[in-house]
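Engineer: There's a structure below that I have some questions on.
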Ligand SMILES: *Cc1c(COP(=O)(O)O)cnc(C)c1O
């Protein structure tokens with residue numbers, strides 16, 4: 001065909017995003033369809049998806065637009081955000097993201113497309129960065145043990161309350177104390193959590209903590225309005241009554257202040273946002289959480305620990321509670337799965353880059369500006385509410401004064417803290433300059449006030465400042481470990497970041513076929529808006545009229561997600577899938593309560609469920625009753641009916657994943673919903689597998705009442721090495737009155753008593769542009785096609801592996817959905833080769849292992865997603881088949897049971913270069929087991945890691961350099 005004879009739409013083809021997102025070309029799709037025995041994608045759908053649940057009308061989210069158009073559209077929306085300078089404080093501060101971190105971490109797919117480091121041999125980079133985060137937390141909090149990030153300060157405080165209940169020896173007591181100078185959003189989240197746990201809460205002035213009987217208490221340091229008080233007596237008093245004290249602290253203030261651990265706190269937590277992570281209208285940011293060694297088994301979230309590999313070298317891995325929900329189910333410490341790894345890593349790099357001296361300079365400058373501002377206002381006759389502070393000065397004002405000062409501030413493009421009666425709050429941060437303080441003087445005192453920043457500064461220098469009480473000044477060193485003291489030039493920093501990145505296998509190297517995790521393309525065009533200042537620079541509590549761009553984007557995205565899910569309403573607050581489960585279950589329980597059914601407290605959960613399901617159910621006071629699966633992996637209908645019957649009166653809900661975690665579309669899903677509804681229960685459909693539903697069916701159509709969506713699975717937010725994520729929930733209208741709201745910023749008219757589930761009103765708002773861009777660029781047809789190709793890819797893999805491995809479960813016409821489970825148990829039985837050996841051997845072939853032993857022990861669950869092209873699927877299948885042949889050699893006795901490349905996998909350069917190589921197989925086979933590997937070799941940087949040793953000898957801080965040298 002000549003160019004002239006082509007229509008314009010053909011000539012515009014290169015602009016089409018859909019074919020960039022979807023891996024297989026049209027020709028490859030045809031080949032694969034032929035291979036699996038389907039005539040077309042539609043035919044494959046007919047064969048795979050039960051007809052009764054297919055959408056009667058096509059889903060409509062509009063037509064696809066090109067990358068360029070989508071970016072231009074979103075830029076127009078973003079420009080509606082007004083970037084005021086924020087002095088609001090309340091746990092969120094403006095920052096200078098070091099550019100070397102911005103570009104090489106936040107904007108770098110080597111960091112943001114990695115998964116949670118479940119395969120530590122190919123994840124030593126982010127594990128080291130997280131260990132640094134734990135060390136930083138330990139140093140600043142003065143406690144012994146830290147976790148590798150929680151979701152936000154408010155939920156971390158709620159986790160501290162749950163920890164207190166678990167470990168407090170004051171067993172009979174059911175009341176938790178919260179100081180009234182804790183940030184209001186934290187109080188909101190903790191109270192909502194307490195209500196569901198059935199705890200009483202007492203909120204009063206911090207000093208009152210000594211009076212009552214509490215299983216625990218939450219204090220803020222410095223207080224939300226800025227004051228720094230010696231809380232050591234309060235802590236001791238609560239503890240003498242067997243209460244556990246948590247202190248929410250400002251991370252930057254801790255650089256200058258005595259560590260809460262030294263004041264006696266049992267738990268110290270807070271947000272690490274102001275260590276170099278943009279405010280982003282509320283998130284994502286990492287929370288830090290530290291406690292003492294004796295509570296190590298009660299710590300929520302993940303901990304990175306130091307262990308050793310088979311060569312005896314120090315090596316890092318997730319310790320103790322790795323996948324703890326999957327093992328401990330409803331007895332897990334918390335439901336946290338996806339956390340905030342990328343942001344924790346940014347914060348730890350910020351500390352590495354600035355080092356202890358740099359941080360002290362930054363903290364001192366912030367504090368100096370607060371001193372100058374306070375001095376100036378005092379000179380002008382204002383009275384201050386606090387006489388001690390780190391960065392926040394609260395000014396007493398009459399209502400009249402308040403209104404005019406706010407008006408002045410808004411005129412000058414400045415936001416102050418305004419939510420407390422008779423007071424205005426002013427917080428300073430690392431971006432504050434002299435002229436900003438001068439502007440604030442104008443705002444408070446009008447022009448011609450005669451105050452001069454330089455003169456005030458000189459006065460403070462000569463008089464000295466006592467705004468930090470002498471006894472609360474830090475006297476201990478921080479960040480003495482070498483890692484915080486050697487990368488302070490940009491060149492050194494750049495190379496340090498790169499050296500860690502090189503150790504990690506992310507999506508920019510090869511397919512990561514983790515079942516249930518949907519590791520699809522995170523397109524660059526989707527990521528670009530995340531770091532636009534219009535999205536990064538907004539405080540979550542800025543007046544809503546300044547965030548019209550955000551509001552428009554959130555509303556439009558909500559509308560699309562409502563259309564996609566078939567629900568009536570959507571709540572954007574939960575900042576992970578597990579938080580969505582929690583919010584959805586609260587809505588269900590409040591709904592029951594509203595109908596006089598408060599006694600309904602049984603949650604049915606199939607045995608195949610993800611561990612977060614029972615863990616979340618436990619958080620809202622539900623009792624879990626497990627429903628069996630039959631031999632085909634489907635929910636055992638007889639068991640379901642019997643159990644629903646048995647608990648009928650008390651049935652709250654079922655939590656069911658669809659397609660099931662076994663990777664099939666259960667035919668009976670509608671019947672399952674009906675049975676539960678007949679007994680007065682509600683249906684929670686876990687939306688983690690939405691990538692097999694979009695455009696084909698929907699939870700609303702099937703008959704579910706509420707679902708979370710993991711935007712970091714189906715809707716392209718990258719996994720960030722273990723977070724961030726977003727877990728908005730869709731609900732049918734009868735549950736809408738029970739969705740979370742927010743005490744500081746009203747989200748839904750009429751819901752404000754429902755409490756919040758996240759610190760920020762719209763969760764991690766600044767990553768929503770990713771999903772927004774995705775839906776825009778795919779349009780209705782592209783999204784549907786993505787689902788179809790995801791299924792084609794999974795069926796293609798199932799087809800290619802059949803005969804080599806057993807595919808454990810299949811649905812109608814022997815089809816799998818978007819993922820498939822292969823059963824390694826028979827092979828293990830016959831050869832002794834374990835699923836772990838296969839997982840590690842895949843590393844030698846350049847691949848990340850699929851999901852191991854979930855939902856069935858001894859299996860691998862493979863989810864290729866639509867983004868992988870046929871060539872990559874083939875490379876993966878070739879590797880699996882080659883590994884199967886290796887297993888056969890062990891099975892037949894041709895290879896020794898332990899002296900073989902499976903048992904010794906993964907192989908490192910240290911192995912290959914070892915002069916004493918004395919294995920029965922050669923080095924070539926060890927490291928270059930297939931031709932394709934040689935072209936793009938990925939080297940695991942440590943050998944297989946000893947988990948048992950690591951848990952027995954728990955070390956969660958940076959090892960001294962000597963420990964590396966000794967080996
Ligand atoms: C990922 C997942 C979850 C948990 O979601 P997070 O975002 O990690 O909290 C829950 N259920 C299933 C089936 C999942 O795959």
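Only the coordinates and a few stated rules stand behind these numbers; no lab work does. Treat the numbers as computed from the prediction; the structure is a model and nothing was measured. No Cβ is skipped: glycine too gets one built from the backbone with ideal geometry, and neighbour counts run over all protein chains shown.
Engineer: Using alpha carbon coordinates only, what is the Rg to Rh ratio of region 809-967, with Rh defined as the Kirkwood radius?
Structural biologist: A ratio of 1.00.
Engineer: Let me ask something additional. Considering the alpha-carbon set of region 697-755 alone, what are its Rg and its Dmax in angstrom?
Structural biologist: Considering region 697-755 through its Cα atoms, Rg and Dmax are 14.1, 38 Å.
Engineer: By counting other Cβ atoms within 10 Å of each Cβ, how are 87, 804 ranked from fewest to most?
Structural biologist: 804, 87
Engineer: Determine the percent antiparallel among the DSSP beta bridges restricted to region 793-904, to the nearest 5.
Structural biologist: 90 percent
Engineer: Compute the Rg/Rh shape ratio of the chain: radius of gyration over Kirkwood radius, all on alpha-carbon atoms.
Structural biologist: 0.97
Engineer: What list do you get for 796, 921 if you sort them by fewest beta carbons within 10 Å?
Structural biologist: Ranked by crowding around the Cβ, least crowded first: 921, 796.
Engineer: A follow-up question, please. How far apart, in nanometres, would the label points at residue 559 and residue 398 be if each is projected 7 angstrom from Cα along the Cα-to-Cβ direction?
Structural biologist: 4.7 nm
Engineer: Kirkwood hydrodynamic radius, region 256-410, all distinct C-alpha pairs: what's the number in Å?
Structural biologist: 19.6 Å
Engineer: Within the P(r) computed for region 672-790, what percentage of the Cα pairs occupies the region above 20 Å?
Structural biologist: On the way: 3680 of 7021 pairs.
Tail fraction, whole percent: 52.
Engineer: Sort all Cα-Cα distances of region 754-859 into consecutive 10 angstrom bins from zero, then give the percent of pairs in each bin up to the one containing the longest distance.
Structural biologist: Taking every Cα pair in region 754-859, the percentages come to 12, 29, 25, 23, 11, 1.
Engineer: Find the Rg to Rh ratio for region 817-873, where Rh is the Kirkwood radius over alpha-carbon pairs and Rg uses the same atoms.
Structural biologist: Rg/Rh for region 817-873 comes to 1.00.
Engineer: What nm distance separates the two modelled labels at residue 461 and residue 499, each placed 7 Å from Cα along Cα→Cβ?
Structural biologist: Each label point lies 7 Å from its Cα, and together they span 3.8 nm.
Engineer: For the pair residue 918 and residue 869, what calculated FRET efficiency results from E = 1/(1 + (r/R0)^6), where r is the Cβ-Cβ distance and R0 = 35 Å, to the nearest 0.05?
Structural biologist: On the way: r = 41 Å, r/R0 = 1.16.
For R0 = 35 Å, the calculated efficiency reads 0.30.
Engineer: Okay, moving on. Return the distance in nm (one decimal) between the two label points of a simple spin-label model at residue 548 and residue 99, each offset 7 Å from Cα along Cα→Cβ.
Structural biologist: 3.3 nm
Engineer: Expressed in nm to one decimal, what extension gain is obtained for the pair residue 107 and residue 595 from 0.36 nm per residue of sequence separation less their Cα-Cα distance? Intermediate results must be reported in sequence, preceding the final value.
Structural biologist: Numbers: separation 488, 0.36 × 488 = 175.68 nm, distance 4.88 nm.
Here the segment from residue 107 to residue 595 would lengthen by 170.8 nm.
Engineer: Mean residue ellipticity at 222 nm from the helices of the chain, using -39,500 (n - 2.57) per DSSP H segment of n ≥ 4 over the full residue count, to the nearest 500 deg cm²/dmol?
Structural biologist: Result for the chain: -11500 deg cm²/dmol, rounded to the nearest 500.
Engineer: Moving on. With everything on Cα atoms, drop me the angle between helix 399-411 and the longest principal axis of the chain, reported from 0 to 90° to the nearest 10.
Structural biologist: 60 degrees
Engineer: To test your reading of the geometry: what angle, between 0 and 90 degrees and rounded to tens, separates the Cα axis of helix 669-678 from the longest principal axis of the chain?
Structural biologist: Its long axis makes an angle of about 50 degrees.
Engineer: Please arrange 118, 665 by how many other C-beta atoms lie within 10 Å of their C-beta, fewest to most.
Structural biologist: Ordered by Cβ neighbours within 10 Å, fewest first: 118, 665.
Engineer: Here is a further query. Quick check: the angle from helix 577-594's long axis to the longest principal axis of the chain, C-alpha only, nearest 10 degrees?
Structural biologist: Value to nearest ten degrees: 80.
Engineer: How much of the DSSP beta bridge set in the chain is antiparallel, as a percent to the nearest 5?
Structural biologist: 55 percent
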